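Undergrad: Okay, handing you the structure first.
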Amino acid sequence: MRDARPSVGRDAAWLAGYAGLYAVLLVLLHAREAFDVGEPLLVLGVIGVGFSLIAFLATRGAAVLSVPVREPRAECALLLAYVVLVIVPWLAFMAGRVRGWAASPALGEVVVLATKLAVFVALPFALLARRGYGVRDFLAGWGRGHARAGLIVSAAAIAFQSIFGRGFSGLSSLALSPLALGAGAVLGFVWLVIEVGLVEEFFFRALVQERAASFFHSQAAGVVLMAVVFGLAHAPGLYLRTASTQEGLAANPSLLAAVGYSIVVTSVAGLFFGVLWARTRNLALVCLVHAAFDLVPNLAPWLRTTFGLG
């Protein structure tokens, strides 16, 4: 029987490395940028630790599906090159502009979704399809305990956003009937399953995280590296176009502020979804949970933009 202790040691080392990087950047941000550490520590505690723990406990006894990785080294290199050459430039220069190509705000949402699907799903899948992968390699089915885990984590996410978020105040201002609000919530949820679920989870979890975990023989390595890649991919955009985003930074942040924020705030959400993926390897499940987590804060803005309400 293979000794599990080396794997546990590797996992602990990767988690300690992430904690060390996080702590160093947080101290630098506070010392050199007068950055308020309250927000990132709250995000880390609630999402990075709290929801990761909920995901871990909710998936106890759940089946872990099989997702093939044929050439971990070569595929990691390919995806890293794709992040640098395609995703980073898109986030930095194009993400804030494509919406303006459309004739109306509603059509702008469609244009943004189409470009996201191309950049994060279609093109990466085409690259791996040339290596023999097919759709079934990423949609392995629905395993034991997955429905229960999805319901538990989604309910916790919606409850948290409903109690501590401000999404319901935005919905009340729309003055919709219960039937109209229910229909809008269903449509908004389906939209989010594709826009934030499929777009982010396919690339960052099913591709990046799974291949990093396979290459380093450590699930923690996959979670940590995916979170760091996800965060750093946003750093150029934060540095170049923060004034047009809703990020908690000054209009013209320093490079340290942009990079630090991308790790101490942006990367943390990846930990929660990374744990859920590592414990199930169910792409559909992670997409659904991601949509549930984002539903309450995003529903009112989506309804206003899509249907011209408010």
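The values are calculated or read from the model by the stated rules, or taken from the named source; none is laboratory data. Worth saying up front: this structure is predicted, and the values here are computed from it rather than measured. Here Cβ is always computed from backbone atoms with ideal geometry, including for glycine, and neighbour counts include all displayed protein chains. Quick note on the areas: whole protein, heavy atoms, side chains included, nothing else; ligands and nucleic acids left out. Shrake-Rupley method; radii C 1.70, N 1.55, O 1.52, S 1.80 Å.
Undergrad: Name the residue, out of ALA258, ALA284, that is without any contact (Cβ under 8 Å) to a residue 60 or more places away in the chain and either in a helix (DSSP H, G or I) or open to solvent by 10 Å² or more (accessible area, probe 1.4 Å) (or both). Before the answer, list the steps.
TA: Numbers: ALA284 fails: without any contact (Cβ under 8 Å) to a residue 60 or more places away in the chain.
None of the other options fit; the residue is ALA258.
Undergrad: Would you check which residues across the stretch 156-180 are open to solvent by 40 Å² or more (accessible area, probe 1.4 Å) and touching a residue at least 60 places away in the same chain (Cβ under 8 Å) and list them? Walk me through how you get there before you give the answer.
TA: First, the residues of the stretch 156-180 that are open to solvent by 40 Å² or more (accessible area, probe 1.4 Å): 158-160, 163-164, 166, 168-169, 172-173, 175-180.
Listed by number, the residues that qualify are ILE158, PHE160, ARG166, PHE168, SER173, LEU176.
Undergrad: Then there is this: Hey, does the stretch 180-189 have a residue that's under 17 Å from the mean Cα position of the chain (by Cα) and either in a helix (DSSP H, G or I) or on the phi > 0 side of the Ramachandran plot (or both)?
TA: From the stretch 180-189, those under 17 Å from the mean Cα position of the chain (by Cα) are 189; that's our starting set.
Subsequent filtering for residues that are either in a helix (DSSP H, G or I) or on the phi > 0 side of the Ramachandran plot (or both) retains 189.
Yes, there is a match, as at least one residue in the stretch 180-189 is under 17 Å from the mean Cα position of the chain (by Cα) and either in a helix (DSSP H, G or I) or on the phi > 0 side of the Ramachandran plot (or both).
Undergrad: Could you check PRO253 against (1) assigned to a loop (DSSP other than H, G, I, E, B); (2) open to solvent by 50 Å² or more (accessible area, probe 1.4 Å); (3) within 30 Å of ALA34 (Cβ to Cβ) and say which number it fails?
TA: (2)
Undergrad: Looking at ALA126, ALA106, ALA102, which one is in contact with a Gly (Cβ under 9 Å, 6 or more places away or on another chain), open to solvent by less than 60 Å² (accessible area, probe 1.4 Å) and free of Cβ contacts under 8 Å to residues at least 40 places away in the same chain? Step through it out loud before you land on a result.
TA: Numbers: ALA126 fails: in contact with a Gly (Cβ under 9 Å, 6 or more places away or on another chain); ALA106 fails: free of Cβ contacts under 8 Å to residues at least 40 places away in the same chain.
When all the criteria are applied, what remains is ALA102.
Undergrad: Right, here's the next one. So which of VAL88, VAL64 is under 20 Å from PHE230 (Cβ atoms) and either of a type in the set (A, V, I, L, M) or more than 21 Å from the chain's Cα centre (by Cα) (or both)?
TA: Unique residue meeting the criteria: VAL88.
Undergrad: Next question. Would you confirm whether any residue within the stretch 144-164 is assigned to a loop (DSSP other than H, G, I, E, B) and modelled with pLDDT under 95? Write out each step before concluding.
TA: Residues of the stretch 144-164 that are assigned to a loop (DSSP other than H, G, I, E, B), as a first pass: 144-145.
Next, from what is left, pick out any that are modelled with pLDDT under 95: none.
Looking through the stretch 144-164, none of the residues is assigned to a loop (DSSP other than H, G, I, E, B) and modelled with pLDDT under 95.
Undergrad: Still on this structure: Name, by its number, the condition in (1) in a helix (DSSP H, G or I); (2) open to solvent by 20 Å² or more (accessible area, probe 1.4 Å); (3) within 23 Å of PHE203 (Cβ to Cβ); (4) of a type outside the set (Gly, Ala, Ser) that does not hold for ILE54.
TA: Failed condition: (3).
Undergrad: Hey, another quick one. Just one of ARG10, ARG60 is out of contact with any Leu (no Cβ under 9 Å at 6 or more places or on another chain) and assigned to a loop (DSSP other than H, G, I, E, B); which is it?
TA: Numbers: ARG10 fails: assigned to a loop (DSSP other than H, G, I, E, B).
Only one candidate passes the filter, namely ARG60.
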